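Here is the structure we will look at, set down as structure tokens.
The values are calculated or read from the model by the stated rules, or taken from the named source; none is laboratory data. All of these numbers come straight from a predicted model, not from anything done at the bench. All Cβ positions, glycine included, derive from the backbone under ideal geometry; neighbour counts span all protein chains shown.
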Amino acid sequence: MLAGSKLSSGPAAHGFTVTHLAAIALEGPVAKVEQVEEPSGSTSDHAALLALNEDYIRSVQTGDVARFEEILADDFRVSLGTTYLGRAAFLAQTALPVTISNLAARDVEIRVMGDVGIVHARTTYRTLDGLERSGRYTDVWVRESDGWRAIAAHVTR
């Protein structure tokens, strides 16, 4: 998929680009997260991943390519239905104008297993035509020498 292209069915009818579908959690300029379970792993790992999840969502909502460059692993991949993007294509999509609003992550669950963190959540958002939508996502994070990096994302709508 080329930068700037949109999905041909489903959410594309509502003005979504691939990056914006990977978005997950903002209401206005402030991320909104509802946690549902006690964390596995250390408290500091859980807190770091919760903050990074909020950064990820905020970065999608605001098109913050610079922040994504900091938190994505070099070999980051995202799967959105039949669309599969690498890091460079994801960053190019992120640079496009944002076409959704009021994103919020609900029922956030963070699991830590050694140097791998997994974030599961439900999302809600508003389309350009004012429709309320929802979906789910799973993000996989890996601990590198200088901190956690997102290595994979899977989004369903």
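Being without any contact (Cβ under 8 Å) to a residue 40 or more places away in the chain, touching a Phe, Trp or Tyr at 6+ places or on another chain (Cβ under 8 Å) and assigned to a helix (DSSP H, G or I), is that true of even one residue in region 114-127? Please lay out each step first, then the result.
Our first condition is that a residue be without any contact (Cβ under 8 Å) to a residue 40 or more places away in the chain; within region 114-127, this holds for 114-116, 118, 120, 122, 124, 126.
Adding the requirement that they be touching a Phe, Trp or Tyr at 6+ places or on another chain (Cβ under 8 Å) leaves 116, 118, 120.
When the remaining residues are screened for being assigned to a helix (DSSP H, G or I), the result is none.
No, there is no match, as no residue in region 114-127 is without any contact (Cβ under 8 Å) to a residue 40 or more places away in the chain, touching a Phe, Trp or Tyr at 6+ places or on another chain (Cβ under 8 Å) and assigned to a helix (DSSP H, G or I).
Checking the structure you have, find out if any residue of region 60-71 is within 19 Å of Trp141 (Cα to Cα), modelled with pLDDT of 95 or more and in a strand (DSSP E or B).
No, the conditions are met nowhere in region 60-71.
Restricting attention to region 81-92, which residues are at pLDDT below 95 and either assigned to a strand (DSSP E or B) or under 14 Å from the mean Cα position of the chain (by Cα) (or both)?
Filtering region 81-92 down to residues at pLDDT below 95 leaves 81-83.
Once the filter is applied, which keeps residues that are at pLDDT below 95 and either assigned to a strand (DSSP E or B) or under 14 Å from the mean Cα position of the chain (by Cα) (or both), region 81-92 yields only Thr83.
Kindly provide the set of residues from region 133-157 that are surrounded by 15 or more Cβ atoms within 10 Å (Cβ to Cβ) and either more than 17 Å from Glu109 (Cα to Cα) or more than 12 Å from the chain's Cα centre (by Cα) (or both), ordered by number.
Once the filter is applied, which keeps residues that are surrounded by 15 or more Cβ atoms within 10 Å (Cβ to Cβ) and either more than 17 Å from Glu109 (Cα to Cα) or more than 12 Å from the chain's Cα centre (by Cα) (or both), region 133-157 yields Arg133, Val142, Arg143, Trp148, Arg149, Ile151, Arg157.
Counting just the residues of region 104-118 that are touching a Lys or Arg at 6+ places or on another chain (Cβ under 8 Å) and buried (at least 18 other Cβ atoms within 10 Å of the Cβ), which one comes out modelled with the lowest pLDDT?
That would be Ala104.
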